[in-house]
Amino acid sequence: MLYKYCPDENFEDLSSGRVIIHKSGFTNFPVRLAQEIFRRCLDYTDCRRLTVYDPCCGGGYLLTVLGFLNHSEISNLTGSDIDENALSLAADNLALLGSAGMNRRIERLKKLQLSHGKQNYADAIESAGRLKLIADKTDISTTIFKADALGYDYAALAFKPDIIITDVPYGKLVTWQGEGSFPDNLIPCLRPESVLAIISDKSQKLSSARFKRLEKHNIGKRKFEILKLDTDF
C-alpha cells in the first residue's frame with residue numbers, strides 16, 4: 001500500500017511502553033499505519049471536531065495515538081471493551097491527553113529513573129516533555145465504558161460517532177468473547193455520514209451487504225477496510 005498522508009517519520013515519542021503505558025497481554029498498533037488510516041477516513045467526512053469511537057479499544061493505545069496526532073480535528077475519543085483490565089489501562093492512557101494525566105505520568109517516570117537510573121526512563125521523560133506540549137493545549141474529552149462489541153445494544157449510545165476505527169481481535173493475544181454480527185450491530189449508532197474503518201487479520205471476513213466499501217488494503221498480515229452505510233440497501 002502506498003502511504004498517501006503519513007510519511008515515514010520517527011514516532012518514538014508515541015511508541016508503546018515509552019510514555020503511553022503498555023502491559024503484557026495487550027496489543028500495540030503501528031503508529032504510522034494508524035495515522036494513515038485515520039487521515040484516509042477524513043477524506044470521506046466533512047465533519048470537523050470529530051467524535052471518534054473504538055468498540056474494541058483494548059488498552060486504548062490506538063485512540064491515544066490518534067489523539068496526540070490529530071488533536072486539532074478531534075473533540076471526543078470514546079472507547080469500549082469487554083475486559084475491565086483493558087478499560088483501566090485505556091483510561092490511564094487516554095488521561096495522557098490532558099495536563100493532569102501527563103503530569104502524573106512524568107512524575108512516575110521520574111521516580112523510576114531515580115530508582116533504576118536506566119537510560120530508557122530518561123528518554124521517556126524527554127518524550128513525555130514533548131507530548132506534554134500537546135496535552136497542555138488539547139481540549140479532547142475522553143470516555144471509556146464496558147461493552148461487548150458483539151452483543152452491545154448500540155442504539156443505546158448517547159452519541160453518533162463521526163468515525164469508528166477499530167483493530168478487531170485476532171491472533172493469540174486476544175479473541176472475541178461475545179456473540180453477534182459485526183459490523184452490522186453497529187448500524188444503530190451510525191449516521192449516513194459516519195465512516196467505519198475495520199482493521200483485521202487477512203483471514204477474517206467482516207464485510208456486510210449493509211455497507212459500501214470505500215477502500216480495502218493489505219499491509220503485511222493485516223488488512224483494513226473503510227466503509228460507509230449503504231443508504232440504498
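With the structure loaded, tell me whether Ala149 is modelled with pLDDT under 95, open to solvent by 60 Å² or more (accessible area, probe 1.4 Å), closer than 22 Å to Asn185 by Cα and among the hydrophobic types (A, V, I, L, M, F, W, C) or whether it fails that test. Talk me through it step by step, then tell me what you get.
Numbers: modelled with pLDDT under 95: yes; open to solvent by 60 Å² or more (accessible area, probe 1.4 Å): no; closer than 22 Å to Asn185 by Cα: yes; among the hydrophobic types (A, V, I, L, M, F, W, C): yes.
No.
Which one of these is out of contact with any helix residue (DSSP H, G or I) (no Cβ under 6 Å at 6 or more places or on another chain) and open to solvent by 10 Å² or more (accessible area, probe 1.4 Å): Lys132, Lys110?
Numbers: Lys132 fails: out of contact with any helix residue (DSSP H, G or I) (no Cβ under 6 Å at 6 or more places or on another chain).
Result: Lys110 is the single residue among Lys132, Lys110 that is out of contact with any helix residue (DSSP H, G or I) (no Cβ under 6 Å at 6 or more places or on another chain) and open to solvent by 10 Å² or more (accessible area, probe 1.4 Å).
Pairs needed: first member in segment 15-43, modelled with pLDDT of 95 or more; second member anywhere, of a type in the set (A, V, I, L, M) and open to solvent by 50 Å² or more (accessible area, probe 1.4 Å); C-beta distance under 6 Å; at least 6 residues apart or different chains. That search, which allows pairs on different chains as well, returns Gln35/Leu69.
Any idea which residue in segment 77-86 is nearest to Lys137 (Cα to Cα), counting only those that are out of contact with any helix residue (DSSP H, G or I) (no Cβ under 6 Å at 6 or more places or on another chain) and open to solvent by less than 20 Å² (accessible area, probe 1.4 Å)?
So in segment 77-86, the residues out of contact with any helix residue (DSSP H, G or I) (no Cβ under 6 Å at 6 or more places or on another chain) come out as 78, 80, 82-86.
Those still in the list that are open to solvent by less than 20 Å² (accessible area, probe 1.4 Å) too: 78, 80, 86.
Values: Thr78: 19, Ser80: 25, Ala86: 27 Å.
My answer is Thr78.
When segment 146-170 is filtered for residues that are assigned to a helix (DSSP H, G or I) and hydrophobic (A, V, I, L, M, F, W, C), the ones remaining, listed by number, are Ala155, Ala156.
If only residues of segment 213-233 that are open to solvent by 90 Å² or more (accessible area, probe 1.4 Å) and among the basic types (Lys, Arg) are counted, the one that is farthest from the chain's Cα centre (by Cα) is Arg213. Within segment 190-210, can one find any residue that is under 19 Å from the mean Cα position of the chain (by Cα), farther than 12 Å from Ile37 by Cα, in a loop (DSSP other than H, G, I, E, B) and hydroxyl-bearing (Ser, Thr, Tyr)? Yes, the conditions are met somewhere in segment 190-210. Does Ser75 satisfy the condition of being among the small types (Gly, Ala, Ser), in contact (Cβ under 8 Å) with a residue 60 or more places away in the chain and over 23 Å from Ser181 (Cβ atoms)? Yes: the conditions hold for Ser75. If the condition is being within 22 Å of the chain's Cα centre (by Cα), of a type in the set (A, V, I, L, M), assigned to a helix (DSSP H, G or I) and over 19 Å from Glu12 (Cα atoms), then segment 96-145 contributes only Ala100.
Scanning segment 46-56 for residues that are in contact (Cβ under 8 Å) with a residue 60 or more places away in the chain, open to solvent by 10 Å² or more (accessible area, probe 1.4 Å) and of a type outside the set (Asp, Glu) yields Cys47, Thr51, Cys56. Could you tell me whether Thr142 is open to solvent by 20 Å² or more (accessible area, probe 1.4 Å), under 24 Å from Phe26 (Cβ atoms) and touching a residue at least 12 places away in the same chain (Cβ under 8 Å)? When the stated conditions are applied, Thr142 passes them.
Got at least one residue in segment 85-92 being closer than 16 Å to Gly17 by Cα, in contact with a His (Cβ under 9 Å, 6 or more places away or on another chain) and assigned to a helix (DSSP H, G or I)? Even if it seems obvious, please write down each step before you answer.
We begin by selecting, within segment 85-92, every residue closer than 16 Å to Gly17 by Cα; these are 86, 88-92.
Within this subset, residues satisfying the condition of being in contact with a His (Cβ under 9 Å, 6 or more places away or on another chain) are 89.
Next, only the ones that are assigned to a helix (DSSP H, G or I) stay: 89.
Yes: one or more hits.
The values are calculated or read from the model by the stated rules, or taken from the named source; none is laboratory data. This is a predicted model, so every value here is computed, not measured. Ideal geometry is used to build each Cβ from the backbone, glycine not excepted, and the neighbour counts take in all protein chains shown. When the accessible area is computed, the model is the full protein with side chains, heavy atoms only, and any ligands, DNA or RNA have been set aside. Shrake-Rupley method; radii C 1.70, N 1.55, O 1.52, S 1.80 Å.
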